[in-house]
1. Which of (1) open to solvent by 70 Å² or more (accessible area, probe 1.4 Å); (2) modelled with pLDDT of 85 or more does residue 212 not meet, given it meets every other one?
2. Is it true that residue 116 is under 25 Å from residue 36 (Cβ atoms), open to solvent by 40 Å² or more (accessible area, probe 1.4 Å) and in a helix (DSSP H, G or I)?
3. Hey, could you check the range 274-296 for residues that are open to solvent by less than 60 Å² (accessible area, probe 1.4 Å) and within 17 Å of residue 95 (Cβ to Cβ) and say which is modelled with the highest pLDDT?
4. Can you name the condition, by its number, that residue 71 falls short on among (1) buried (at least 19 other Cβ atoms within 10 Å of the Cβ); (2) in contact with a strand residue (DSSP E or B) (Cβ under 9 Å, 6 or more places away or on another chain); (3) on the phi > 0 side of the Ramachandran plot?
5. Considering (1) farther than 22 Å from residue 112 by Cα; (2) among the small types (Gly, Ala, Ser); (3) at pLDDT 95 or above, say which one residue 193 fails and leave the rest.
6. Residue 211 - would you say it is part of a helix (DSSP H, G or I) and hydrophobic (A, V, I, L, M, F, W, C)?
7. With the requirement that a residue be open to solvent by 60 Å² or more (accessible area, probe 1.4 Å), under 21 Å from residue 294 (Cα atoms) and in a strand (DSSP E or B), what does the range 215-235 give you?
Amino acid sequence: MAVNDILFLENTLEQKKNLTATSLSKSDFFELFTFEQILKKFDLSNDELLSGKTGKGDDGGIDGFFVFIENRIIDDFMVLDNNEKATIKISQRNPSIELYLIQAKETPSFSEQVFDKVISTIMTIFDFRKEISELSKNYNQELIKNLDKFRQAIKQAVHANLSVNFFYASTGDRNEIHPKVFSKADLFKQTISQYLPGSRVSVEYWGARELLEQSRQEVTYTLNLNFLKNISSHGQYVLLSSLKDYYNFVTDEHGNLRRYIFESNVRDYQGDVGVNQNIRNTLERENDIADFWWLNNGVTILASKESISGDTIQLDDVQIVNGLQTTTEVYKYVRKQDKTKNIDKAILIKVIVIQDPETRDRIIKATNYQTPIPTTQISIVTQSIQRDIEHYFLNHNWFYDRRKNYYKNIGKPIDRIISITYLAQAVMAIVLFEPHKSSTKGSPSLIITKDYERVFNQRFQPDVYLFCASTLKNIETFIRNNESEQSNVLKDIDRREIQTICTPENLYTLRFHIAMLLTSKLAGKSNYKPDDIKSLVLEELSKDILKQTISLLINFTISYARKYKYSLHDVKSIVKDKNFTQYLQKQLIS
């Protein structure tokens, strides 16, 4: 390791934390930073990175637990069953499932003890004879939540191509790892193979050098595309490019697909469905008299600016808005070819250079009506209400992530970036008085399928949305940065009950109910209306009112648990209970 690697990494961490995550502790930020570097090819949002963060007490030596199905985070596969319970549903046959287990330690070395702890955990959590309810007694809620999703996926896709990847990150030098560490890593692989037979298992070590190098791989929206032919008119282009040139355009220097340039595309890759099988067959047909572009509609690219030099066009603010299925199949096809082989096939590309955001959204909507998809799915990126919210937030120094990861990629603060799902959960809790639903619907697919029109309602003014987002963020920051404190609002409560429920983990689980209660206190009424919220837009809430609200909710939660025989060790079940929400509302009225 170079002499200054640790120093440079520490400087990078400090600068990035000061710019984007002032509310996170040093250790929490190191974990989040590590996850982002290791999983960079998946282009996860801040919320998605936080959803896989399990590092805290009772984590079993696992700081990060991430599951991907067909290169998409597992939350994209969540649906609601007939009982309104979130569950995993996989439609692909024999899908690829990748499990990433990450240990991130701010220590200048790699220790064999890490594997001792993880191996013990693996022997427990991957023993499918043990029920999730049994495991929840020994491991924290975040680990259990992610484990439960993984188990659902494995049980559903029995013949999946499973890989388990363990990443051990520290600030040390991976060239100086003791042989005992490698021996324990081999034992880890053997243990995984025993409990998850047929899986591919890997162990990687990332030190200061690897973390530093990966952090320097910046996302770029300015890309060069080589072409064979082009027709242009008033700055708009129709191009023919070779498959290899298009492959180079959509991949980074490591050969990973640049997922971030597809984020305006409202359709995810559909896997082994008929249309993709047809594309695959066309690509794989050798000595075909028909070129690929004769038989395929090609792709549509939006850009804000272009310049041509010879047979290369440079595009700024690249977004591929139609052709995700085609692009993915081309990517898979070219990647498996012999690098020396000449691929004599071309792809048709339409390039539209446009800066007006409303016109961009009209193009996205039009190009994605070519195949049947739910209207609400298109609405997420094209409805005027979404643009209005983004614009209003921007004027108040908040960043609405209508275009996933756009603000993250340009370095805006984590605490001021609001995802569509996050805003929907906040509105459900505060405006619709349904914090129990907010606790269930933690993925975009769940919001879209059931409640989109109720949440994103033209009757709600933008300042109502800003209040909901900023209030929930303030609550989360307060919980994260303050020890659990109770005022004398608490009455007749056993101190052991208070200690059980007053953990940061439980308070975070209760955050949606805290938001509803807090809004009631600020509005001075339990049945407040959206118009009452408009005057409550606040940048910062006083600690006193937050303490009082949390104490009040703790009191109500313990009383409810006593009355309806809930265990205070199972707060996650209480918050999903609609009756608990109704109980709180009655308590406020009385």
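1. Every listed condition holds for residue 212 apart from (1).
2. Numbers: under 25 Å from residue 36 (Cβ atoms): no; open to solvent by 40 Å² or more (accessible area, probe 1.4 Å): yes; in a helix (DSSP H, G or I): yes.
When the stated conditions are applied, residue 116 does not pass them.
3. If we filter the range 274-296 for residues that are open to solvent by less than 60 Å² (accessible area, probe 1.4 Å), which is where we start, we get 274, 276, 279-280, 282-283, 288, 290-292, 296.
Going one step further and asking which of them are within 17 Å of residue 95 (Cβ to Cβ), we end up with 274, 276, 280.
Values: 274: 60, 276: 70, 280: 83.
That would be 280.
4. So residue 71 meets the others, but not (1).
5. Unmet for residue 193, out of (1) farther than 22 Å from residue 112 by Cα; (2) among the small types (Gly, Ala, Ser); (3) at pLDDT 95 or above: (1).
6. Details: part of a helix (DSSP H, G or I): yes; hydrophobic (A, V, I, L, M, F, W, C): yes.
For residue 211, the condition - part of a helix (DSSP H, G or I) and hydrophobic (A, V, I, L, M, F, W, C) - is met.
7. Correct list: 226, 229, 230, 231, 232.
So that you can scan it fast, the table gives a plain yes or no per residue for (1) free of Cβ contacts under 8 Å to residues at least 40 places away in the same chain; (2) hydrophobic (A, V, I, L, M, F, W, C); (3) under 23 Å from residue 415 (Cβ atoms):
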| position | (1), (2), (3) |
| --- | --- |
| 512 | no, yes, yes |
| 524 | yes, no, no |
| 529 | yes, no, no |
| 542 | yes, no, yes |
| 552 | no, yes, no |
| 562 | yes, no, no |
| 567 | yes, no, no |
| 578 | no, no, no |
| 581 | no, no, no |
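The values are calculated or read from the model by the stated rules, or taken from the named source; none is laboratory data. Because the structure is predicted, anything quoted here is derived from the model rather than measured. For neighbour counting, all protein chains shown are included, and Cβ atoms are generated from backbone atoms with ideal geometry for every residue, glycine included. Heads up: the accessible areas ignore ligands, DNA and RNA and are worked out on the full protein's heavy atoms, side chains in. Shrake-Rupley method; radii C 1.70, N 1.55, O 1.52, S 1.80 Å.
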